[in-house]
1. Of the conditions (1) modelled with pLDDT under 85; (2) under 21 Å from the mean Cα position of the chain (by Cα); (3) more than 14 Å from residue B:109 (Cβ to Cβ); (4) within 11 Å of another protein chain (Cβ to nearest Cβ), residue B:268 clears all except one; give me its number.
2. Residues of the stretch B:122-138 being more than 8 Å from every other protein chain (Cβ to nearest Cβ) and under 18 Å from the mean Cα position of the chain (by Cα), which ones?
3. Quick one: would you say residue A:151 is more than 24 Å from residue B:244 (Cβ to Cβ) and either within 11 Å of another protein chain (Cβ to nearest Cβ) or without any contact (Cβ under 8 Å) to a residue 60 or more places away in the chain (or both)?
4. Considering only the stretch A:92-115, state which residues are more than 7 Å from chain B (Cβ to nearest Cβ) and either in contact with a strand residue (DSSP E or B) (Cβ under 6 Å, 6 or more places away or on another chain) or more than 16 Å from residue B:32 (Cα to Cα) (or both).
5. Which of the following residues is modelled with pLDDT of 85 or more and either over 28 Å from residue A:163 (Cβ atoms) or touching a helix residue (DSSP H, G or I) at 6+ places or on another chain (Cβ under 7 Å) (or both): B:70, B:81, B:7, B:39?
6. Taking residue B:174 as meeting all but one of (1) crowded, with 22+ Cβ neighbours inside 10 Å; (2) closer than 27 Å to residue A:124 by Cβ, write down the number of the exception.
7. Listed residues A:120, A:138; which is free of Cβ contacts under 8 Å to residues at least 60 places away in the same chain and more than 30 Å from residue A:224 (Cβ to Cβ)?
8. Would you confirm whether any residue within the stretch A:16-29 is closer than 21 Å to residue B:155 by Cα, crowded, with 17+ Cβ neighbours inside 10 Å and at pLDDT 80 or above?
């Protein structure tokens, strides 16, 4: 096993201790903004906007959340976010997996070229398509609708890559046996490949969920009316003082937007890291 | 890999006539499975990229739409604001990417070094939590940390009888504050990626180095780092692409101000195209951004290429 800080044979393990202390220090700095988000969400503004602030929530209450729901159409934002995120995640799961299967297992003219073109699109910044896509979405009258966010988010090249890499590691025997029995690729895809690929599909779902829940710039552009916002767009408006200038209420909104991805990550942590590894240790 | 009309695995290919049908059939299925993605990419990616290029040579706004040749690019050349946003973006990207790559290697090595699976999982989770949290929300907290009157940083400085510093409202400091907020967010993706590649280095290499009497530091530089080159490239490119597109946190923390002190290129595109309806000019800005990202990625690939294969 490669060990950067080697364990000496005798005496206290100072190197390991130093590594631990350094990592804990980094963790505290990394986690603090999240900690403060939740503390200030459940603490009256008088206790957080003062010098020194109450670093521990001694006056905890849900009053900020109550006022948030009165002052801004948060319930609409929440529903929009949930609908858009679920739709995009479902699209990614279906279309990424289908495309990944085609690249991993099916043979057709231009396969390598198409895959290379797909991969190179990673380098195209989404800002290049921002203006034309906005013009397109306005011309087909989808501005302010969830579809305006969902349609351009139909698939994800990284997800396709991940599925392809994963499927290439699967043994071919089952497919070949099914093919000998006259099964079509469609049947093989649904009955053999999809069940065997659940870890990779789970990773695609997780990335799809987190990235579409957190998406900001594109929804900000195509969702322009208060009730049509997603949570991040709404929270940004709240943060700019458009619905309330109450700091505690702003942080309550932030906490509300942050909770789903945090819970999601904690629940599916293992798939998350496994998925990243499939992508990282290439071919 | 890109052999035209490859007929499946040669060993399995049946008689001549059958194989043509089979090849056609397989092609049909291949395109069928790709169809949704091909259609989607065509409508929302390939056509828009070309459209963007075309728009950049026109003065398309809300009403006019006339061919303008290189006018947009010429006005960008002479626009000090455009150059300023490019400098802002480059400075932000340079610092953030260098720090992200360095920090993620060091943290991955430290995690590896403590040699405990449980602790490794704990630290990775702790690093990931802020990374999966909505950036807009994290930026709200940073806005408080930097607040001149109530913020955490000025409170801490006050304890040392220093400050107060106008972190976000002083034009000469604001960009550095934004950079600081990014730098202090752990590059979780990099840490996990480096952990995976450090973990996949064969142990024999280290044993061989042991036999040669190499210490931990020379093993690190002579075995680990050279083998990590492809990962450094991969992580570097990914962070460069995302740093060039920074928007969310700046929109929340400073709205690009004070003045235009923290306006990155993407915010300029947003302001020009979406807020002010100058679609042609905004497209020209986007094309330049695209060219820069492509160029930087290419240079990074060249620099670190050696044993990298895709």
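The values are calculated or read from the model by the stated rules, or taken from the named source; none is laboratory data. Keep in mind that what you see is a predicted model, and the values were worked out from it rather than measured. Counting neighbours? That spans all protein chains shown, and the Cβs are built from the backbone with ideal geometry, glycine included.
1. (1)
2. Residue satisfying the conditions is B:131 alone.
3. Criteria met by residue A:151.
4. Of everything in the stretch A:92-115, those that are more than 7 Å from chain B (Cβ to nearest Cβ) and either in contact with a strand residue (DSSP E or B) (Cβ under 6 Å, 6 or more places away or on another chain) or more than 16 Å from residue B:32 (Cα to Cα) (or both) turn out to be A:92, A:93.
5. B:81
6. Looking at each condition in turn, residue B:174 falls short on (2).
7. The conditions single out A:120.
8. yes
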